[in-house]
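What follows is a set of notes on a single structure, which appears directly below.
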Ligand code: ADP
Ligand code: MG
């Protein structure tokens with residue numbers, strides 16, 4: 001359910017959104033759901049959430065300065081010589097703060113994502129990948145550093161960034177598949193009922209689910225639910241599609257099929273993708289650039305170019321050597337490996 005709440009929050013906007021995630025982040029109780037207002041909090045939870053938010057130190061002033069910097073011309077990237085820098089993550093540190101403790105999730109992370117990149121964040125569980133994605137989605141504010149999208153500082157959730165989560169329960173169960181895809185189009189994109197349905201059916205067709213438009217989510221397999229979530233995200237035509245281990249809970253065969261489908265969709269529409277995984281193989285296959293993050297708290301270890309790999313190269317000598325190389329970069333604390341990582 002949490003994934004769905006976060007998704008709805010991204011549509012509802014920063015006022016409710018950030019607060020809600022902070023309530024969850026702090027592990028606070030008393031969160032209720034209503035279908036009419038999406039969610040409600042009891043006064044106690046609201047007070048606590050306020051306290052949590054106030055405790056989060058922001059550096060908003062730095063954003064404006066950064067915006068000018070980001071407006072500079074972008075260098076070349078894998079996605080093509082004319083692609084522009086869309087996302088600029090600059091020295092971002094992220095923390096979870098509660099009354100009892102502070103957990104530092106990432107430390108001074110920097111990277112740029114260009115238009116039509118398939119950029120992968122790769123690192124072991126707990127290194128802060130999801131937290132980074134949430135910060136880019138606008139749910140969490142950095143304690144230091146800046147995040148900009150197309151030269152504008154990210155100040156909260158927005159329909160220009162849509163997240164697909166790992167969990168299969170990110171679809172409201174009382175809506176049909178088509179209604180699930182159409183709903184955000186009506187709320188955030190202000191499409192009419194007919195326009196939203198038409199666009200929903202178009203994207204459901206793209207993920208091979210046209211025949212299931214009027215089915216309810218509980219009648220679908222995990223892989224099909226993820227296809228709906230992907231169709232819903234693509235239908236929004238976001239500037240950046242954020243995916244947080246979207247295939248991690250699927251069986252190996254379905255996972256591979258979904259990776260192939262995602263790459264086909266990308267080939268078709270050339271959207272900009274920021275994809276999180278802890279699987280080296282998945283990173284190599286899905287990404288054209290991979291950012292390697294060290295274990296907790298996540299720091300940048302290296303950036304690897306992976307545009308040459310596909311499912312066809314899996315099992316080959318090159319591919320296996322790259323997997324071993326990345327594994328060493330991620331986990332080897334030997335001084336030489338660390339030097340190599342920072343080269
Ligand atoms: P990943 O997605 O790479 O597995 P996360 O971003 O989920 O890692 O978590 C990074 C770190 O932040 C971990 O140490 C995790 O325990 C901590 N963390 C994640 N969510 C919360 C939360 N809501 N409150 C406190 N700490 C959290
Ligand atoms: Mg995660």
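Read-outs throughout are calculated quantities, based only on the coordinates presented, and are distinct from any laboratory measurement. Please read these numbers as outputs of a predicted model, since none were measured by experiment. No Cβ is skipped: glycine too gets one built from the backbone with ideal geometry, and neighbour counts run over all protein chains shown.
Some notes on this structure:
- Spacing of the two label points (7 Å from each Cα toward its C-beta) at residue 214 and residue 169, in nm: 2.9 nm
- Order of 132, 292 under a 10 Å beta carbon neighbour criterion, fewest first: 292, 132
- Label-to-label distance, nm, for residues given as residue 195 and residue 307 (7 Å Cα→Cβ offset): 3.5 nm
- Label point distance in nm, residue 144-residue 264, each placed 7 Å from Cα along Cα→Cβ: 4.7 nm
- Residues 296, 307, ranked from the fewest to the most other C-beta atoms within 10 Å, line up as 307, 296.
- Distance between region 82-152 and region 189-219 - C-alpha centres, whole angstrom: 31 Å
- Residue 186/residue 252 FRET efficiency (R0 51 Å; Cβ-Cβ; nearest 0.05): 0.90
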